[in-house]
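Notes for the one structure printed next.
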Amino acid sequence: MNERQLFEAIGRVDDDLILAADRPAVRRRKKPVYWMPALSVAACAGLLMVGVAGWRVGSSKNDFMESAAAAAETAPEAAAAPDEPLMSAASPYADEGSSPVEGSTDGTYKAEDSTESSIAIAPAHAVMLEGVIYYDTCTVSGTDAKAAPDGTITSTVDSDSFPTEDGQSNFGTGYAYRYGSENGTLEVQIDGEWWIFAANQ
């Protein structure tokens, strides 16, 4: 485009456009955004809460670790294990006040913490019939609870001994018994339920 063409192009501009260009520009006012400051405040509050929560979790974990370390320092040392094992498959034993091992077939019991002694032992519940000692398996029988018993336990020995004669137990007399559905088992009625006893084979 040369000078003449430029001059002709400018000369064709309407006067009202020239006057409008001469006036100061009117700026449109933007609508205020009220939620932006609120969003900033909420973000800061969230960061503050996360920081406080993290600090509290860290301090409570440290307090727990310190109290556990202090307890370990003041706790007495555990008693040394005896030279001989306390349990054998032929004669299962249990700590006094212990609880039965669920589903055990040899009458073993699991030891529970005791402040008096961790070595005190007592035999598991046992019954002798026909020269065979049957040990409590700590399992309730699923057979008919109303089935007739085969006999009654007639004598007893101390709870820390094993039975030595037929019809004898180490947990009392008067308990009804019946032979179990599986070979080598016996069921004894204790507190209204039939408990399975098994012979060590």
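For residue 130, the solvent-accessible surface computed with a 1.4 Å probe is close to 140 Å², ligands and nucleic acids excluded. Remark on residue 171: its backbone amide H falls under 5 Å from those of 126, 157, a criterion applied only to residues 5 or more positions apart or on other chains, H modelled at 1.01 Å from N. Residues 128, 49, ordered by accessible area of protein heavy atoms at a 1.4 angstrom probe radius and largest first, appear as 49, 128. Close amide H partners of residue 141, meaning residues 5 or more places away or on another chain with modelled amide H under 5 Å apart, are 194, 195, 196. Ordering 194, 143, 156 by Cα displacement along the dipole of the range 139-200 toward the positive end leaves 143 in first place; charges were set at the Cβ atoms of Lys, Arg (+1) and Asp, Glu (-1).
Determine, from the Cβ-Cβ distance of residue 193 and residue 49 and an R0 of 35 Å, the FRET efficiency 1/(1 + (r/R0)^6), rounded to the nearest 0.05. In this case the efficiency is close to 0.05. Evaluating 6.51 cos²θ - 1.76 cosθ + 1.60 at θ = phi - 60° for every residue in the range 180-196, the Karplus couplings come out as x, 6, 9, 4, x, 10, 9, 10, 10, 8, 10, 6, x, 10, 8, 9, 7 Hz, glycine and proline recorded as x.
Using heavy atoms of the protein chains and a probe of 1.4 Å, the accessible area assigned to residue 154 is about 100 Å².
The values are calculated or read from the model by the stated rules, or taken from the named source; none is laboratory data. In this text the structure is predicted, and so the values were computed from the model without any measurement. No Cβ is skipped: glycine too gets one built from the backbone with ideal geometry, and neighbour counts run over all protein chains shown. Heads up: the accessible areas ignore ligands, DNA and RNA and are worked out on the full protein's heavy atoms, side chains in. Shrake-Rupley method; radii C 1.70, N 1.55, O 1.52, S 1.80 Å.
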